[in-house]
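**Q** I have a structure I would like to understand better, so I am pasting it below and will then ask my questions one at a time.
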Amino acid sequence: MRYSQSLIPTLKENPAEAEVASHRLLLRAGYIRKLTAGIYTYLPLGLAAVRKVEHIVREEMNRAGAQELLMPMVQPADLWHETGRYEKYGPELLRFVDRHDRESCLGPTHEEVITDLVRREIRSYRDLPKNLYQIQTKFRDEIRPRFGLMRGREFIMKDAYSFDVDDVQAGESYQRMYDAYKKIFTRCGLDFRPVEADSGTIGGSFSHEFMVLADTGEDTLVICSSCDYAANSEKAEVKAPQADESPLLELTKVETPGKRKVPVVCEFMEIEPHELVKTMVYKADEEYIAVLVRGDREVQEVKLKNHLGVVDVEMATDKEVYDATGVPTGYLGPIDITIKLLVDQEVAAMRNFVCGANEKNFHVKNVNMGRDFEPAAVADLRQITASDPCPVCGAALGMKEGIEVGHVFKLGTGYSTAMNAVFKDSNGQDKPMVMGCYGIGVSRIVAAAIEQNHDENGMAFPMPLAPMQVILLNLGLKDEKITKTAESLYLELQEKGVDVLLDDRDERPGSKFKDADLLGIPLRVTVGKRLTKDGVVELRQRKDGATEELAPEMVAARIVELINAAMID
RNA sequence: CGGGAUGUGGCUCAGUCUGGUAGAGCACGUCGUUCGGGACGACGGGGUCGGAGGUUCAAAUCCUCUCAUCCCGACCA
């Protein structure tokens, strides 16, 4: 590719709209341009980087026995009604009607379409298993798109779906995808972790996320310092504590005028937040639920949602709390509460704690579960903290930020049952197919790779994802020898299958160096004065600045050597 | 959706508080010098000040509405 003929509109200054590194640099380096919120055009280099990711994903998916196909982006609402997701999916699903008044939507994911296809085409256990995937543009009308390619509304995703005869076979499919994903992210040159995850709206019973470690990540991971336990913090189980065996003390009501917040109540009553229990009210679909957690803990809404098996939970407003319980916020407690009560397992192990009295301006102390109130259920409902022990081995946990680039789910038979995707088993019986689904955020990987690989001068792509492997600078356009050498090197590298960008622009050397750094191309070859003076060209690595001077005829072989060493198989 | 902020040549911003008829740097065009880490000089082109309405002799500036974008929280590849 010739720079002079390409469209690589680099920016000298940081665009005002971008905060995080990948977003800022993708714009500055002329990889992407925004069309509207969360929707981007991929310019030649941006697209080239996406293609590199796609290439690796394709190879490993094919190697794992999956077949590529391509499904439509526009989908009929009818299909979504079959699984009930037309109602459940919420406003993220962009819906519209066509000229015939047919309800349609833009595909945010393709379980319905693939299941429809498979139920029509697959009859027998002899046709299974199948694993089908596509790489395609998805549309999700995100509430808040942000950070450029990290969370767009329109994005490129690889989604795969497996169909098996039973749980055992489905487990094998899942494991094959899990292994393929590890391979894919390793080959991309990313520092990542597979973690246990919540299965979210897609549904299903078991799942792992693949997280690229980066400070700008939107997820928090807990990682055990000793064993190999790692989980998304919203999913991470909290180990149940030892039950307190202290003798039960007498229940006592205390007047606490105007004391509503945990720290205020604690100060007033001269106790620590861990001796207090707070009562949080949530709106779970249409029902109000009270949840008890220790004063210094947070309710983990995902856990609550899963425990209740509801679509949505959100914290009730002060007014809703009052309307539902007749008690103003700040004085709520479990005793004689009028709505459904759930108790975090940690609270269940406490004795003689303080909580609201369900009466304005009063709290009670020495409250004990079993004696003073009975909950509907006890469960693990709180957010894990860094000071919690590993739920598996008990060792200390560490917390890290991560970007989710892949997600694998065991779906079970939910979709196949809802959509009647059945096959005949060896006894001639109809059975629902056992499904799995597996996503990779292709465009997000590009952003994640930049988050992990950049410095103050620009990006520094890992070789496998770099849109171009070499940038070749001609610093003497008017010098015959320099230009001839640069041009013949350009041809030679192309013949050897190297992706090379020839900077043949009529620009000053300084601009070319600055742009080369910004673009993040791993290898840079400079043909300039050193050639006329000493007969050498310079080869420099973007990441560490390692520089070598070589005779022009040695360069191509050296580059091939460096590329081969940097590619991961 | 709640909270915060911003919209002024292609880009980054000043000007807004205190109304007086739009400015800098970069980019762009021409010419000259320069040419291995974002050169310099001269000349030049380019802006309905996000949009609509209002107040005023006069609005980028004040008021109302509206649109868009970005950042912080609940969703997800």
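**Q** Arranged from highest to lowest average of other beta-carbon atoms within 10 Å per residue, in what order do the peptides A:434-442, A:364-372, A:471-479, A:312-320 appear?
**A** Descending packing order for the listed peptides: A:434-442, A:471-479, A:364-372, A:312-320.
**Q** Taking the solvent-accessible surface of protein heavy atoms with a 1.4 Å probe, what is the per residue accessible area of chain A in Å²?
**A** On a per-residue basis, 45 Å².
**Q** Moving to a separate point now. Kindly identify the stretch A:468-566 as rounded, prolate or oblate by the Cα gyration tensor criterion: order the square roots of the eigenvalues as a ≥ b ≥ c, call it rounded if a/c is under 1.5, otherwise compare a/b with b/c, prolate if a/b is larger, else oblate.
**A** The shape class here is rounded.
**Q** What net charge is computed for the residues neighbouring A:His81, neighbours being all others with C-beta under 13 Å from the C-beta of A:His81, Lys and Arg scored +1, Asp and Glu -1?
**A** -2
**Q** Under a Cβ-Cβ limit of 4.7 Å, which cysteines in chain A have nobody to pair with?
**A** A:Cys105, A:Cys188, A:Cys266, A:Cys355, A:Cys437
**Q** Same structure, new question: What translational D, rounded to a whole number of µm²/s, comes out for chain A from Stokes-Einstein when the hydrodynamic radius is the Kirkwood one over Cα pairs, at 25 °C and 0.890 mPa s?
**A** So the translational diffusion coefficient is about 90 µm²/s.
**Q** Once Lys and Arg get +1 and Asp and Glu get -1 on their Cβ, which of A:His81, A:Ala37, A:Ile143 lies farthest toward the positive end of the dipole of the stretch A:17-157?
**A** The residue sitting most towards the positive pole is A:Ala37.
**Q** Out of the trypsin sites (Lys or Arg not before Pro) in the stretch A:217-294, which ones are loop residues according to DSSP with at most 12 other C-beta atoms within 10 Å?
**A** Counting only loop positions with at most 12 other Cβ atoms within 10 Å, the trypsin sites (Lys or Arg not before Pro) in the stretch A:217-294 are A:Lys261.
**Q** List the aspartates and glutamates whose Cα sits under 13 Å from the Cα of A:Lys512, skipping any in the same chain fewer than 8 residues away.
**A** A:Asp503, A:Asp504
**Q** Can you list residues from other chains, or at least 5 along the same chain, whose modelled amide H is less than 5 Å from the amide H of A:Gly520?
**A** A:Met459
**Q** Using a 7 Å offset from the Cα along the Cα-to-Cβ direction at both A:Glu82 and A:Glu480, what is the distance between the two label points in nm, to one decimal?
**A** 7.2
**Q** The stretch A:46-172: percent of C-alpha pairs farther apart than 21 Å?
**A** Of all Cα-Cα pairs in the stretch A:46-172, 50 percent lie more than 21 Å apart.
**Q** With contacts defined as alpha carbon pairs under 8 Å and 6 or more residues apart, what's the relative contact order of the stretch A:252-379 in percent?
**A** This gives 28 percent for the stretch A:252-379.
**Q** Could you give the size of the charge dipole of chain A about its Cα centre, using +1 on the Cβ of each K and R and -1 on the Cβ of each D and E, expressed in debye and rounded to the nearest 20?
**A** Taking the Cα centre of chain A as origin, the dipole is about 1520 debye.
**Q** Which of the three applies to the stretch A:221-314, rounded, prolate or oblate, going by the alpha-carbon gyration tensor with a ≥ b ≥ c and a/c under 1.5 meaning rounded?
**A** Oblate, because a/c is 1.5 or more while a/b does not exceed b/c.
**Q** Greater than 19 Å separation of Cα atoms is the criterion. Which listed pairs, A:Lys12/A:Lys514; A:Lys239/A:Lys261; A:Lys278/A:Lys400; A:Lys239/A:Lys303; A:Lys130/A:Lys431, meet it?
**A** A:Lys239/A:Lys261; A:Lys278/A:Lys400
**Q** OK, next. Rounded to a whole number, what % of the accessible area of chain A do carbon and sulfur atoms account for, probe 1.4 Å?
**A** Result for chain A: 48 percent of the exposed heavy-atom area is carbon or sulfur.
**Q** Could you run the Karplus curve 6.51 cos²θ - 1.76 cosθ + 1.60 with θ = phi - 60° over the stretch A:65-82 and give me ³J(HN,Hα) per residue in whole Hz, x for Gly and Pro?
**A** Calculated HN-Hα couplings, in order: x, 8, 10, 8, 9, 9, 9, x, 8, 8, 10, x, 4, 3, 4, 6, 5, 4 Hz.
**Q** Solvent-accessible area of A:Val195, probe 1.4 Å, all protein chains present, reported in Å² to the nearest ten, please.
**A** 0
**Q** How big is the charge dipole of the stretch A:252-379 about its Cα centre, in debye rounded to the nearest 20, if each Lys and Arg gets +1 on its Cβ and each Asp and Glu gets -1 on its Cβ?
**A** 280
The values are calculated or read from the model by the stated rules, or taken from the named source; none is laboratory data. All values derive from a computational prediction rather than experimental measurement. No Cβ is skipped: glycine too gets one built from the backbone with ideal geometry, and neighbour counts run over all protein chains shown. Note: accessible area is taken over every heavy atom of the protein model, side chains too, but ligands, DNA and RNA are not part of it. Shrake-Rupley method; radii C 1.70, N 1.55, O 1.52, S 1.80 Å.
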